[in-house]
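Novice: Attaching a single structure in structure tokens format; questions to follow.
The values are calculated or read from the model by the stated rules, or taken from the named source; none is laboratory data. Bear in mind the structure is a predicted one, so any value in this text is a computation, not a measurement. Methodologically, a virtual Cβ is constructed for each residue, glycine included, from the backbone with ideal geometry; neighbour enumeration extends over all protein chains shown. Side chains included, ligands, DNA and RNA excluded: accessible areas come from the protein's heavy atoms. Shrake-Rupley method; radii C 1.70, N 1.55, O 1.52, S 1.80 Å.
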Amino acid sequence: MAPPARIAAVCLDVGSTWTKAALVRHDGGLAGFAEHPTTTGDVLEGMDAAVRAVSAAEGTGETDPELLACSSAGGGLRLAAIGTEKLITTEAAHRVALSAGAHVVHVHAGPMDPEDIRALRGSRPSAVLLMGGADGDDPSVVVHNAGRLAGARIRYPIVFAGNTAARDDALVLLRGTGRTVVACDNVTPRPGEIVAEPARAALAQLYRSHSLGGRGPATAPRFRRLVRTATADAVTHAAAELARIRGTRVLLVDVGCATTDVHSAVPGDGPVHTVEGDLGMRSAAGGVLVSAQAEGLVDPVEADLLSGTVDRLTSETGYVPRDAGSAAEDRRIAALAAVVAVRRHMRAHPEAARGVGLVVLSGGVFRQRTAAGLTTVERTIRADTELAPAVGDAPVAVDADFAVAPAGLLAAHGRTEAAESLLRDHLLG
């Protein structure tokens, strides 16, 4: 009997709730899988535990395989918006956050005072959107708020999307403190008009670095050495490989605990990616229910039935279903998250709706090996009136073996043969 193929790498995906590790052979075969709760005090503890567990798999053939790691441990961006008028500030903030990996946790309108700074700090934002006024309006409120933020003992990155008359003075105040400030076009250039895309693009760039999310200052240097790839980037590589292998457009939906990502890839072209920071299976489960109701996907009766489950999921982020009923509710929320996320993705990228030849479902919830339950998720996607014309009768593949992120990591590091073998064996069957 031939000896087992040598181990190529341990592929590690550090999520906001779970850290997953896969042991991959040089021929692309999976030699082992392990997961461990992502540790909040020192993220490296959970990483090391997952690596030890998977490396203990029998027949590895190596004692110290190469480690390839990606991370989305930072979760979604918590966005605070500061403007001059409550209604327009709230609406603009939600539009900017859409598909940029963020969800709105705080809105303030008008001149800020010390109490407002305390309220901002209490909302625990990851980033601040500073806006206010149409181009040509009085800049005094925006400049005042920039000064308040500059003088506060907070270090959140700031996206400045205010009126042009305030731009220069506000940026001098903010950048003089050494914090990260990204300037973009005014999100409300004319009265009553919202132009979200420039600010959304700026926020998406902040999300990419935030999502890596090393925890604990003592571990930061080693974490940065080990983890240089965002999970979304690894999954994008996997989507591109799948499109190349299949020769068709691939739509890949990755439902996580804090975010839901959608990747669309076609052979020979760059993939497009959107991430929803208000849709997830645990900390962002509340956003799934709110958005599903807004999109007309659930009626009031079902929303009431699911509300208790959603409350539990948001408060117990490490929760794992222990019975068939709880698992079914978990999958229902995942199906709703997938449909809402794909709807948004296709609205932002209409070309993604053309010629879909394969749909891939990835995420921990889909590793529950219940054929009937997964078929229900597939039916939910196929039956959706907005998605059905795009999805049609395209096959749906489920990442039940945790192959997508490891294959993406392998592809990103030039191991395309192993990546292809992994995807063929464990996803395309």
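Novice: Please give the strands (runs of 3 or more DSSP E) falling wholly within region 199-270 in which 3 or more residues are within 16 Å of the chain's Cα centre (by Cα) and not basic (Lys, Arg). Before the answer, list the steps.
Specialist: Details: elements: 227-230, 249-255, 260-265.
Strands (runs of 3 or more DSSP E) meeting the threshold: 249-255, 260-265.
Novice: Pairs needed: first member in region 371-389, under 19 Å from HIS349 (Cβ atoms); second member anywhere, open to solvent by 50 Å² or more (accessible area, probe 1.4 Å) and modelled with pLDDT of 90 or more; C-beta distance under 8 Å; at least 6 residues apart or different chains.
Specialist: ALA388/ARG382
Novice: Do you know which of the residues in region 361-412 that are farther than 20 Å from VAL320 by Cβ and of a type in the set (Lys, Arg) is surrounded by the fewest Cβ atoms within 10 Å (Cβ to Cβ)? Explain how you work it out, then say what you get.
Specialist: Quick first cut of region 361-412, residues farther than 20 Å from VAL320 by Cβ only: 375, 378-397, 403-404, 406-412.
Those left that are additionally of a type in the set (Lys, Arg): 379, 382.
On the way: ARG379: 12, ARG382: 15.
Here the residue is ARG379.
Novice: Now for a different question. Kindly indicate which of ARG208, ARG124, ARG190, ARG118 is more than 21 Å from ARG95 (Cα to Cα), open to solvent by 20 Å² or more (accessible area, probe 1.4 Å) and charged (D, E, K, R). Don't jump to the end; show me each part of the working.
Specialist: Working: ARG208 fails: more than 21 Å from ARG95 (Cα to Cα); ARG124 fails: more than 21 Å from ARG95 (Cα to Cα); ARG190 fails: more than 21 Å from ARG95 (Cα to Cα).
Only one candidate qualifies: ARG118.
Novice: Another one. Any chance you could count how many residues in region 194-217 are over 30 Å from SER71 (Cβ atoms) and free of Cβ contacts under 8 Å to residues at least 40 places away in the same chain? Explain how you work it out, then say what you get.
Specialist: If we filter region 194-217 for residues that are over 30 Å from SER71 (Cβ atoms), which is where we start, we get 194-195.
Subsequent filtering for residues that are free of Cβ contacts under 8 Å to residues at least 40 places away in the same chain retains 195.
Within region 194-217, residues that are over 30 Å from SER71 (Cβ atoms) and free of Cβ contacts under 8 Å to residues at least 40 places away in the same chain number 1.
Novice: Something else about it: Suppose the filter is part of a helix (DSSP H, G or I), under 23 Å from HIS273 (Cα atoms) and without any contact (Cβ under 8 Å) to a residue 60 or more places away in the chain; does ALA400 pass it?
Specialist: Details: part of a helix (DSSP H, G or I): no; under 23 Å from HIS273 (Cα atoms): yes; without any contact (Cβ under 8 Å) to a residue 60 or more places away in the chain: yes.
Here the answer is no, as ALA400 does not meet what is asked.
Novice: Separate question: Condition test on VAL195, is it in the same structural domain as LEU98 (by the TED database), open to solvent by 40 Å² or more (accessible area, probe 1.4 Å), under 21 Å from ALA100 (Cα atoms) and modelled with pLDDT of 95 or more?
Specialist: Numbers: in the same structural domain as LEU98 (by the TED database): yes; open to solvent by 40 Å² or more (accessible area, probe 1.4 Å): yes; under 21 Å from ALA100 (Cα atoms): yes; modelled with pLDDT of 95 or more: yes.
Spelling it out, VAL195 is indeed in the same structural domain as LEU98 (by the TED database), open to solvent by 40 Å² or more (accessible area, probe 1.4 Å), under 21 Å from ALA100 (Cα atoms) and modelled with pLDDT of 95 or more.
Novice: Mind listing whichever residues of region 141-167 are among the small types (Gly, Ala, Ser) and open to solvent by less than 60 Å² (accessible area, probe 1.4 Å)? So that I can check it myself, show each step before the final result.
Specialist: In the first step, residues of region 141-167 are kept if they are among the small types (Gly, Ala, Ser); the result is 146-147, 150-152, 161-162, 165-166.
Once the filter is applied, which keeps residues that are among the small types (Gly, Ala, Ser) and open to solvent by less than 60 Å² (accessible area, probe 1.4 Å), region 141-167 yields ALA146, GLY147, ALA150, ALA152, ALA161, GLY162, ALA165, ALA166.
Novice: Could we say that ARG344 is at pLDDT 95 or above and either polar (S, T, N, Q) or open to solvent by 10 Å² or more (accessible area, probe 1.4 Å) (or both) here?
Specialist: Working: at pLDDT 95 or above: yes; either polar (S, T, N, Q) or open to solvent by 10 Å² or more (accessible area, probe 1.4 Å) (or both): yes.
Considered against the rule, which asks whether it is at pLDDT 95 or above and either polar (S, T, N, Q) or open to solvent by 10 Å² or more (accessible area, probe 1.4 Å) (or both), ARG344 comes out as yes.
Novice: Further question: Any residue that is more than 30 Å from THR416 (Cβ to Cβ) and either at pLDDT below 95 or not small (Gly, Ala, Ser) (or both) - is there at least one of those in region 222-239? Explain how you work it out, then say what you get.
Specialist: Let us first name the residues in region 222-239 that are more than 30 Å from THR416 (Cβ to Cβ), namely none.
The answer is no; no qualifying residue exists.
Novice: Which ranges mark the helices (runs of 4 or more DSSP H) fully within region 276-387 that have 1 or more residues being among the polar types (S, T, N, Q), touching a strand residue (DSSP E or B) at 6+ places or on another chain (Cβ under 9 Å) and within 27 Å of LEU206 (Cα to Cα)?
Specialist: Values: elements: 285-294, 300-315, 324-348, 371-383.
The qualifying helices (runs of 4 or more DSSP H) are 285-294.
Novice: Residues VAL272, VAL255, VAL262, VAL235: which one is within 28 Å of ARG331 (Cα to Cα) and either in the same structural domain as GLU45 (by the TED database) or surrounded by fewer than 24 Cβ atoms within 10 Å (Cβ to Cβ) (or both)?
Specialist: Details: VAL255 fails: either in the same structural domain as GLU45 (by the TED database) or surrounded by fewer than 24 Cβ atoms within 10 Å (Cβ to Cβ) (or both); VAL262 fails: either in the same structural domain as GLU45 (by the TED database) or surrounded by fewer than 24 Cβ atoms within 10 Å (Cβ to Cβ) (or both); VAL235 fails: either in the same structural domain as GLU45 (by the TED database) or surrounded by fewer than 24 Cβ atoms within 10 Å (Cβ to Cβ) (or both).
That would be VAL272, the only listed residue that is within 28 Å of ARG331 (Cα to Cα) and either in the same structural domain as GLU45 (by the TED database) or surrounded by fewer than 24 Cβ atoms within 10 Å (Cβ to Cβ) (or both).
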